[in-house]
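Engineer: Take this structure first; my questions come after.
Values quoted throughout were computed directly from the atomic coordinates according to the rules given, and no laboratory measurement underlies them. On a predicted model such as this, the values are computed, not experimentally measured, just so you know. We place every Cβ from the backbone using ideal geometry, glycine too, and count neighbours over all the protein chains shown.
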Amino acid sequence: MSVALDGPAGVGNSIFAKKKEKRMNLIYIDTGAMYRAMALFLIRSGVGAYNSMGISLESQRAEISLTYENGEMVVWLNGEDVTGLIRTEEVGNMASKSSVNADVRKKLVSLQQNMAAEADVIMDGRDIGTCVLPNADIKVYLTADSFVRATRRFEELTAKGIACDIGKIEEDIIERDYRDMHRELNPLKQAEDAVVVDSSYMSIEEVVETISEMIAKKKNGEA
Ligand code: DC
């Protein structure tokens, strides 16, 4: 069973990172975390966000993997646990820029396809239904209004005691959406056979319930 979950920044992972998918019996794979780990590596290497040759070369030295400990996803970069280091705005913005690079995408897409071949997954990203898993059993395009997403992010950061400005967060979200949707390679777009779920006015529970129902129907041969 494979579920492709695509959508703009800050929808899927803000829902599923908090909710482990025990009910669905699927492994949740946040592919954005892989692009973020790569971005952290590139920031540390000092490669400029627009130096495509440098990014192509440097990216080949990054070994990225995901493991699960007590149901929690752990992100590894060259043997270092970077789970706690990749959620900053700086890393997110670099990830959005460096993910346009063809060599970065090739490397991470192939890793993601290997992961899906080994387990039942719900894979969250931008290009999962259109490129990584074109034959996914279920495709969901999960979206939410940019202000709602900014509010969720603001609450998340504030809860961690991080000072932030909600207007700036929304601005960044809109800019990132534009970049993700307009890049040349595998831009974010709804797959033709994807079901749209607008989570703007849904609770986390309702989103999980909606997707769980789709999976149950598929398993029962109803969809
Ligand atoms: O989901 P996120 O915000 O953590 O992702 C960070 C960036 O990674 C996002 O701006 C674009 C990129 N990304 C991608 O290009 N393809 C994916 N499948 C997932 C993320």
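Engineer: For ILE27, enumerate residues with amide H under 5 Å from its amide H, sequence gap 5+ or separate chain, H modeled in the peptide plane.
Structural biologist: HN-HN under 5 Å from ILE27: ASP120, VAL121, ILE122.
Engineer: Across 5 Å bins from 0, what is the distribution of all Cα-Cα pair distances for the chain, in whole percents?
Structural biologist: 1, 7, 15, 19, 21, 18, 12, 5, 2, 0, 0
Engineer: List every residue whose amide H lies under 5 Å from the amide H of SER99, counting only residues 5 or more places away in sequence or on a different chain, with H placed 1.01 Å from N in the peptide plane.
Structural biologist: none
Engineer: Next question. Quick one: 3J(HN,Hα) in Hz for segment 168-180, Karplus 6.51/-1.76/1.60 with θ = phi - 60°, rounded, Gly and Pro as x.
Structural biologist: 5, 4, 5, 4, 4, 5, 5, 5, 5, 4, 4, 5, 5
Engineer: What's the Cα-based Rg to Rh of segment 154-223, Rh via Kirkwood?
Structural biologist: Radius of gyration over Kirkwood radius for segment 154-223 works out to 1.09.
Engineer: Computed FRET efficiency, Cβ-Cβ of VAL196 and GLN60, R0 41 Å: what is it to the nearest 0.05? Write out the running numbers ahead of the final one.
Structural biologist: On the way: r = 37 Å, r/R0 = 0.89.
Rounded to the nearest 0.05, the efficiency is 0.65.
Engineer: Next question. Apply the Karplus curve 6.51 cos²θ - 1.76 cosθ + 1.60, θ = phi - 60°, to the phi angles in segment 56-66 and return the couplings in whole Hz, x for Gly and Pro.
Structural biologist: Coupling constants for segment 56-66: 4, 6, 4, 4, 6, 8, 9, 9, 10, 8, 10 Hz.
Engineer: Can you give the log10 of the normalised intensity I(q)/I(0) at q = 0.25 Å⁻¹, computed with Debye over equal Cα scatterers of segment 26-115?
Structural biologist: Log10 I(q)/I(0), no solvent term: -1.36.
Engineer: I've got another one for you. If I stretch the segment between ASN135 and SER110 completely, what's the gain in nm (0.36 nm per residue apart, minus their alpha carbon distance), one decimal? Provide the component values of the computation, followed by the final result.
Structural biologist: Working: separation 25, 0.36 × 25 = 9.00 nm, distance 1.51 nm.
Full extension of this stretch gives 7.5 nm more.
Engineer: For labels at VAL74 and GLU205 in the simple 7 Å Cα→Cβ model, what's the distance in nm?
Structural biologist: 3.2
Engineer: Given contacts defined as C-alpha pairs under 8 Å and at least six residues apart, what's the relative contact order of segment 1-136, whole-number percent?
Structural biologist: Taking the mean separation of contacting Cα pairs over the length of segment 1-136, I get 42 percent.
Engineer: State, to one decimal in nm, how far the label point of SER45 lies from the label point of ALA117, with both points 7 Å from Cα in the Cβ direction.
Structural biologist: 2.5
Engineer: Tell me, what is the FRET efficiency for LYS160 and ASN25 to the nearest 0.05, using R0 = 45 angstrom and their Cβ-Cβ distance as r?
Structural biologist: Efficiency at R0 = 45 Å is approximately 0.90.
Engineer: Sticking with this one: For every helix of n ≥ 4 consecutive DSSP H residues, a contribution of -39,500 (n - 2.57) applies; sum these over the chain, divide by its total residues, and give [θ] at 222 nm rounded to the nearest 500 deg cm²/dmol.
Structural biologist: It comes out at -14500 deg cm²/dmol, rounded to the nearest 500.
Engineer: Another question about this same structure. What number results when the radius of gyration of segment 85-161, computed over Cα atoms, is divided by 2.2 N^0.38 Å?
Structural biologist: This ratio for segment 85-161 stands at 1.31.
Engineer: Could you compute the FRET efficiency for GLU171 and THR67, with r as their C-beta to C-beta distance and R0 at 45 Å, rounded to 0.05?
Structural biologist: Values: r = 34 Å, r/R0 = 0.77.
Calculated value: 0.85.
Engineer: Long-range amide H contacts for CYS164: which residues qualify at under 5 Å (H placed 1.01 Å from N, peptide plane, sequence gap of 5 or more or a different chain)?
Structural biologist: HN-HN under 5 Å from CYS164: empty list.
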